Amino acid sequence: MTDLIAKARSCLETVFGFPTFRPGQEEVIQAILDGEDVLAVMPTGSGKSMCYQLPALLRPGITVVVSPLISLMRNQVSQLIEYGVEAATLNSSNDPAENRRIHTLLRAGTLRLLYVAPERLVRPDTAAMLRDAGVALLAIDEAHCVSQWGHDFRPEYLTLGKVREDLGGVQTIALTATADVPTRSDIGKKLFQAPPRTFIRSFDRPNLKLAMRPKANARRQITDFVAAHRNENGIIYCSSRKRTEELAAVLCEAGHKALPYHAGLDAETRNANQDVFLQDDGIVIVATVAFGMGIDKPDVRFVGHADLPQNVEAYYQEIGRAGRDGLAADTLTLYGLDDMRLRRMQIEESGTPEERKRIDRQRFNALIALCEATHCRRQTLLAYFDETSAPCGNCDLCLEGADVFDGTVEAQKAMSAILRTGERFGTEHLVALLLGNATDAIKRYGHEALPTFGVGRDRSINDWRSIFRQLYAAGLTFLDISEYGRWTVTDKGRRVLRGEERLDLRQDVLRPSATARSAKKLAISGLADGKDSDLLEALKDLRRTIAKKIKQPAYVVFSDRTLIEMATARPAALTEMHEIHGIGEVKLKKYGAPFLEVIAKHPRVAV
């Protein structure tokens, strides 16, 4: 398959305009070209779709792509068509004429990629039609939806294992950006008969600045955050429909172009607001989690959470909608006690089996540990996904530090409680032990006789909960969510327990101040230097005009990164423009000349 991978590199540049593969892409594509089944866990913005799009252009047969949302399918098809690739989507919103066109292309064998919703794919007539057309590859996007442990489980995904067999056991690639160990295991069991070749790329998104703040005045904190990104594209997540509308109105009053999005809006308004966000620049969408998975907009420069997300996976997925183009992007998450109570209540009242609730509790606790971390947030976040890293220098704790105190004694008390109870118990039992509360469970196990019983009476129940979360965030303890949330002590924790190392804990999260400092206005632009800003705006204006004419999002024409490189390199001929990132041969022929004209009208400003 050496010749095929060489052809893949050539196709990458001539069709898509990318000179090299992104990290991790080539290994996955090589495995696909070798005929292997694949599970690829790759972070948002790493180019997962290229892993099945390129093989689709190099081999006979059709690549069927399963995607959960119609809007996501349409966006990807639009982009492929702009690159000159024959692609289509088969879904419930198609008119009869479009379906007839797709059937004609299938019979002719000219269609390269067909995007299908899972509920459509399971229909016997669809499977039979695709079998006759000759499916070469089944690509399952957002594969975590198949797992009950995933953060976005969708029952219709459970049919895909059978669909795969109905298509003749066709070669399959499953892709996701967010999957911890239990979720990956579940994906493998439900979609494949034999273990697939698994690729797990780093979960790190170094271009994202991570920040979390205790709530002081959430409305003001979010307003300040958005003000630091005026005229940039962004998303603000809220926990309720009412808050999305209220906060969108507040941002509009502050001079921003802000629109609400939630499931309670009528479909026409919801779709119109989404289209404005996708097609225009400088739009802030204020949304519930109903907004996001179907959005493939690469130039989102910031994501804020006015309320705490559901868990670490949801947080990672939602902030991952920023900076998909690889340029710098900003995130801010606010949290408070009301958020914690709400999320815990949602778990307890969910009606899901107790086993699922147990997992959800531990995942939420891991998010709180991230909120209350004392050191680099990226290290804490990556540790959740079993990944280590050096301090990132691009999070609030690295840049600003935290209000800390010597918490070595508190840590020793907590870890002593863990060890003296045999590393078999969860947070609430251990907290009761430290507080000296003789609960039924404490008495049942005889733990009121332990030396640690009552040694933590000088602190409150919430203090100790926070301390346990901070110990987890610091890597001193480990929370085994597959074993009923039991705590264990790590080697690092034992060094602190023996007094060989000290530990700082955060005072501000033990006793949150009502006047907590607001987020610094750290605008992270990623745009061209000031001297090129006029040219960049002119290029964006042309892009916007073309996009409206072809009724497509602006980034389908060219991404922000492409325009920034144009404004910096200032190509004077089509051959020079072909060297710009993201400009393949088809786009060069379509749009090269008018963009060259704009560049020629903006002479370089002397420095």
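Please return the ranges of helices (runs of 4 or more DSSP H) entirely within the range 1-72 where 3 or more residues are farther than 29 Å from residue 108 by Cβ and touching a residue at least 60 places away in the same chain (Cβ under 8 Å).
The qualifying helices (runs of 4 or more DSSP H) are 25-33.
Which members of the range 237-263 meet the condition of being of a type in the set (Val, Ile, Thr) and either touching a Lys or Arg at 6+ places or on another chain (Cβ under 7 Å) or within 19 Å of residue 280 (Cα to Cα) (or both)?
The one that is of a type in the set (Val, Ile, Thr) and either touching a Lys or Arg at 6+ places or on another chain (Cβ under 7 Å) or within 19 Å of residue 280 (Cα to Cα) (or both): 250.
Looking only at residues that are assigned to a helix (DSSP H, G or I) and touching a residue at least 60 places away in the same chain (Cβ under 8 Å) in the range 400-413, which one is farthest from residue 471 (Cα to Cα)?
Ranking the qualifying residues of the range 400-413, first place goes to 400.
Test residue 96 against the stated conditions and say whether it is farther than 22 Å from residue 50 by Cα, under 24 Å from the mean Cα position of the chain (by Cα) and not hydroxyl-bearing (Ser, Thr, Tyr).
So residue 96 fails the test.
Please state which of the following conditions residue 388 fails to meet, knowing it meets all the rest: (1) surrounded by 15 or more Cβ atoms within 10 Å (Cβ to Cβ); (2) part of a loop (DSSP other than H, G, I, E, B); (3) in contact with a Leu (Cβ under 9 Å, 6 or more places away or on another chain).
(1)
Of all residues in the range 300-336, count the ones that are touching a Pro at 6+ places or on another chain (Cβ under 8 Å) and more than 16 Å from residue 206 (Cβ to Cβ).
Counting residues in the range 300-336 that are touching a Pro at 6+ places or on another chain (Cβ under 8 Å) and more than 16 Å from residue 206 (Cβ to Cβ) gives 6.
Tally time: how many residues in the range 42-60 are over 13 Å from the mean Cα position of the chain (by Cα), surrounded by fewer than 24 Cβ atoms within 10 Å (Cβ to Cβ) and hydroxyl-bearing (Ser, Thr, Tyr)?
1
Out of (1) surrounded by fewer than 18 Cβ atoms within 10 Å (Cβ to Cβ); (2) assigned to a helix (DSSP H, G or I), what's the single condition that is false for residue 110?
For residue 110, the failing item is (2).
Considering every residue within the range 284-299, establish whether at least one is over 15 Å from the mean Cα position of the chain (by Cα), in contact (Cβ under 8 Å) with a residue 60 or more places away in the chain, buried (at least 21 other Cβ atoms within 10 Å of the Cβ) and in the same structural domain as residue 331 (by TED's automatic domain parsing).
Scanning the range 284-299, I find no residue that is over 15 Å from the mean Cα position of the chain (by Cα), in contact (Cβ under 8 Å) with a residue 60 or more places away in the chain, buried (at least 21 other Cβ atoms within 10 Å of the Cβ) and in the same structural domain as residue 331 (by TED's automatic domain parsing), so the answer is no.
Can you name the residue in the range 300-346 that is within 15 Å of residue 238 (Cα to Cα) and small (Gly, Ala, Ser) and is also surrounded by the most Cβ atoms within 10 Å (Cβ to Cβ) among such residues?
304
Here are the criteria: (1) of a type outside the set (Val, Ile, Thr); (2) in contact (Cβ under 8 Å) with a residue 12 or more places away in the chain; (3) part of a helix (DSSP H, G or I). Tell me which single one residue 125 does not satisfy.
So residue 125 meets the others, but not (2).
Of the residues 263, 248, which single one is out of contact with any strand residue (DSSP E or B) (no Cβ under 9 Å at 6 or more places or on another chain), free of Cβ contacts under 8 Å to residues at least 60 places away in the same chain and outside the structural domain of residue 177 (by TED's automatic domain parsing)? Walk me through it before giving the result.
Numbers: 248 fails: out of contact with any strand residue (DSSP E or B) (no Cβ under 9 Å at 6 or more places or on another chain).
Unique residue meeting the criteria: 263.
Would you be able to tell me the number of residues in the range 163-206 that are part of a loop (DSSP other than H, G, I, E, B), touching a residue at least 60 places away in the same chain (Cβ under 8 Å), surrounded by fewer than 18 Cβ atoms within 10 Å (Cβ to Cβ) and not hydrophobic (A, V, I, L, M, F, W, C)?
Qualifying residue count for the region: 3.
Within the range 538-567, which residues are of a type in the set (Val, Ile, Thr) and more than 17 Å from residue 601 (Cβ to Cβ)?
550, 556, 557, 562, 564
In the range 97-154, what residues are modelled with pLDDT of 85 or more and among the aromatic types (Phe, Trp, Tyr)?
115
Which members of the range 15-41 meet the condition of being surrounded by 15 or more Cβ atoms within 10 Å (Cβ to Cβ) and more than 23 Å from residue 179 (Cβ to Cβ)?
15, 16, 17, 18, 33
Select from the range 167-180 the residues that are modelled with pLDDT of 85 or more and of a type outside the set (Gly, Ala, Ser) and write down the one among them that is farthest from the chain's Cα centre (by Cα).
The extreme case among them is 167.
Anything in the range 551-565 that is closer than 17 Å to residue 274 by Cα and of a type outside the set (S, T, N, Q)? List them, or say none.
Result: 551, 553, 554, 555, 556.
Just one of 377, 424, 363, 420 is more than 29 Å from the chain's Cα centre (by Cα) and in contact (Cβ under 8 Å) with a residue 60 or more places away in the chain; which is it?
Details: 377 fails: more than 29 Å from the chain's Cα centre (by Cα); 363 fails: more than 29 Å from the chain's Cα centre (by Cα); 420 fails: in contact (Cβ under 8 Å) with a residue 60 or more places away in the chain.
Being more than 29 Å from the chain's Cα centre (by Cα) and in contact (Cβ under 8 Å) with a residue 60 or more places away in the chain holds for just one of 377, 424, 363, 420, which is 424.
When only residues in the range 546-578 that are free of Cβ contacts under 8 Å to residues at least 60 places away in the same chain and part of a loop (DSSP other than H, G, I, E, B) count, which is surrounded by the most Cβ atoms within 10 Å (Cβ to Cβ)?
So the residue we want is 558.
The values are calculated or read from the model by the stated rules, or taken from the named source; none is laboratory data. Quantities reported herein were computed from a predicted structural model and do not represent experimental measurements. Heads up, the Cβs are rebuilt from the backbone with ideal geometry, glycines too, and the neighbour counts pull from every protein chain shown.
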